[in-house]
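Scroll down for the structure; my scribbles are underneath it.
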Amino acid sequence: MTNHPGGAALTRRAVRLSGVVPPARALDIGCGDGETVALLRDLGYDAHGVADGAEALPHGDAAFDLALFECVLSCVDDVDAALRESHRVLASGGVLIVSDVYDRADASIDVLKNTLRRNGFEPFLAEDQTAALVTYRAELRESPRETFYRGDAKKLGYALILARKI
């Protein structure tokens, strides 16, 4: 099970909707313990992961067809730098999958989409997945990770956005 709201089911769905098919090269940026990398490999992708350093990826230009940020962009110091790096490592027409929390009081999915556009991506799918976050929060009640999700639940949202490199 991938450890983020929506879990492996949301990852599988996002990958399917991306239109990028195996054996394409995929990069999970901020891969943690590699659960998504393993899932992608099981699906037939040539999948790789990088645990940190989203702002300076250790890969060549245009090395991947698909890149994923699952609960990562909200944690990086420089979102624009991380997005520029993902743009650099994606081949022309490559797809970026972003699933992440956002503060509904200060931002919206449109703000996230505009951030992607500013960094060379054109969003083609954007969904509010806050229901998945609510379920995930309930599952974390006894988990040490709960502190990250302890804020006002009415203000915290979760989005899935797919964007193509332009």
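List of remarks:
- DSSP-loop trypsin sites (Lys or Arg not before Pro) across the range 41-95, with at most 14 other Cβ within 10 angstrom: none
- Net lengthening on full extension, Ala131/Lys155 (0.36 nm per residue, minus Cα-Cα): 7.3 nm
- Of all DSSP beta bridges confined to the range 7-165, the antiparallel ones make up roughly 50%.
- Label-zone membership for the range 43-62, site Arg12, 7 angstrom Cα→C-beta point, backbone N under 14 Å: 43-44
- All C-alpha pair distances within the range 20-144, sorted into 5 Å bins from zero, spread as 2, 10, 20, 23, 21, 15, 7, 2, 0 percent across the bins.
- Full extension of the chain between Ala62 and Asp77 yields a length gain of 3.0 nm, computed as 0.36 nm times the residue separation minus the alpha carbon distance.
- Calculated FRET efficiency for the pair Asn3/Arg41, C-beta based, R₀ 25 Å, to 0.05: 0.90
- Ile109 sits among other residues whose Cβ lies under 14 Å from its own Cβ, and their net charge, with Lys and Arg +1 and Asp and Glu -1, is -3.
- Each label was represented as a point 7 Å from its Cα along the Cα-to-Cβ direction; for Ile166 and Arg84 these points are 1.9 nm apart.
- Among Leu27, Leu125, Leu40, residue whose mean-square fluctuation peaks in a GNM of the chain (springs only between Cα atoms under 10 Å): Leu125
No lab work stands behind these numbers, since they all come straight from the coordinates. Note that the structure is predicted; figures quoted are calculated from it, not measured. A quick note on method: Cβ atoms are made from the backbone with ideal geometry, for glycine too, and the neighbour counts reach across all protein chains shown.
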